[in-house]
Amino acid sequence: MLEVKDVTKTFGDTEVLKGISMDVRKGEVITIIGPSGSGKSTLLRCCNGLETPTTGQVLFEGQDIATAKDIDAIRRRIGMVFQHFNLFPHMSVRENITFAPMNNLGLAASDADALADKLLGTMGLSDKGDASPKSLSGGQKQRVAIARALAMQPDVMLFDEATSALDPEMVKDVLDVMRRLADEGMTMLVVTHEMGFAREVSDRVIFTDAGVIEEEGMPDRVFNHPQSERLKAFLSKVL
Ligand code: ADP
Ligand code: MG
């Protein structure tokens with residue numbers, strides 16, 4: 001579904017990604033772990049065209065995202081959830097969810113509203129449709145952000161530290177939603193510091209450090225039998 005081919009990314013004279021290759025198959029859940037500043041967000045942003053690789057390619061179903069004629073059509077199929085929610089503050093919760101389906105998929109208002117209410121139900125937020133994002137807790141905001149992304153019926157979901165800005169007691173609600181999505185077969189690329197989630201939910205774990213994939217494999221291999229010294233050092237700090 002997604003193929004990252006020898007991608008480098010340079011900002012000014014800093015090479016942030018130094019030749020990353022990976023692929024994401026349909027239905028796979030891949031987590032990316034690694035220290036701050038190792039290029040995880042940049043890699044994720046390259047995967048939906050928010051950043052353009054300096055060299056190398058990102059292919060979505062075989063199409064190069066950087067040169068695709070209709071990047072919007074591709075981006076619509078790639079949902080993204082950010083650390084800081086990025087909800088539209090001046091819209092209600094329901095409007096946050098219905099905006100893109102109405103404007104980009106041409107959904108009628110009544111259908112979009114019904115979709116929003118259904119998604120809010122699955123997020124445990126049935127009573128929040130008319131609320132302002134400002135009135136919600138962080139965990140509720142993030143679940144609205146996930147519902148908003150899902151409303152576009154994406155083929156793959158990218159999560160960039162979706163729980164890092166949350167108070168500890170709210171992390172579980174959001175991880176539960178992500179876990180359920182994974183169980184339902186959603187293709188997911190997840191940058192996270194939640195090692196429990198990475199260990200239990202992912203099919204493969206990728207450890208990035210200083211712009212390269214230092215090590216990758218099944219969770220058991222990465223967490224229980226790390227090979228590289230850098231991964232061992234990282235795990236000793238976070239586990
Ligand atoms: P991570 O998500 O692993 O913490 P990032 O991809 O956010 O890493 O950042 C990797 C490095 O790239 C950092 O040193 C960061 O300062 C730098 N960087 C990221 N985006 C930009 C940008 N738009 N301009 C300049 N430097 C950037
Ligand atoms: Mg980041």
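The values are calculated or read from the model by the stated rules, or taken from the named source; none is laboratory data. Everything numeric in this text was worked out from a predicted model, so none of it was measured. As a convention, Cβ positions derive from the backbone with ideal geometry for all residues, glycine included, and neighbour counts pool all protein chains shown. The accessibility values were calculated without ligands, DNA or RNA, using every heavy atom of the protein model including side chains. Shrake-Rupley method; radii C 1.70, N 1.55, O 1.52, S 1.80 Å.
Summary table below
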item: Single unsatisfied condition, L87 versus (1) open to solvent by 10 Å² or more (accessible area, probe 1.4 Å); (2) within 16 Å of ligand 1 (Cβ to nearest atom); (3) at pLDDT 95 or above; (4) assigned to a loop (DSSP other than H, G, I, E, B); result: (2)
item: A68 being more than 30 Å from P219 (Cα to Cα), modelled with pLDDT of 95 or more and more than 16 Å from ligand 2 (Cβ to nearest atom); result: no
item: Pairs with Cβ under 9 Å, 6+ apart, first in the range 150-163 and closer than 18 Å to G139 by Cα and among the polar types (S, T, N, Q), second open to solvent by less than 30 Å² (accessible area, probe 1.4 Å) and part of a loop (DSSP other than H, G, I, E, B); result: T163/T192
item: Selection status of R45, open to solvent by 20 Å² or more (accessible area, probe 1.4 Å), closer than 25 Å to L175 by Cβ and not in a loop (DSSP other than H, G, I, E, B); result: yes
item: Residue ID - farthest from ligand 2 (Cβ to nearest atom), chosen from residues in the range 9-41 that are polar (S, T, N, Q) and open to solvent by 20 Å² or more (accessible area, probe 1.4 Å); result: S21
item: Count of residues meeting criterion [part of a loop (DSSP other than H, G, I, E, B) and either without any contact (Cβ under 8 Å) to a residue 60 or more places away in the chain or more than 26 Å from V222 (Cβ to Cβ) (or both)] in the range 48-64; result: 8
item: Test result for T55, more than 22 Å from E194 (Cα to Cα) and either in contact with a Gly (Cβ under 8 Å, 6 or more places away or on another chain) or not charged (D, E, K, R) (or both); result: yes
item: Qualifying residue in the range 94-107 (condition: within 19 Å of the chain's Cα centre (by Cα), more than 16 Å from ligand 2 (Cβ to nearest atom) and touching a residue at least 60 places away in the same chain (Cβ under 8 Å)); result: no
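Residues checked against (1) in contact (Cβ under 8 Å) with a residue 60 or more places away in the chain; (2) open to solvent by 60 Å² or more (accessible area, probe 1.4 Å):
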position	(1), (2)
P168	no, yes
V171	no, no
M178	no, no
L189	yes, no
A198	yes, no
R204	yes, no
D209	yes, no
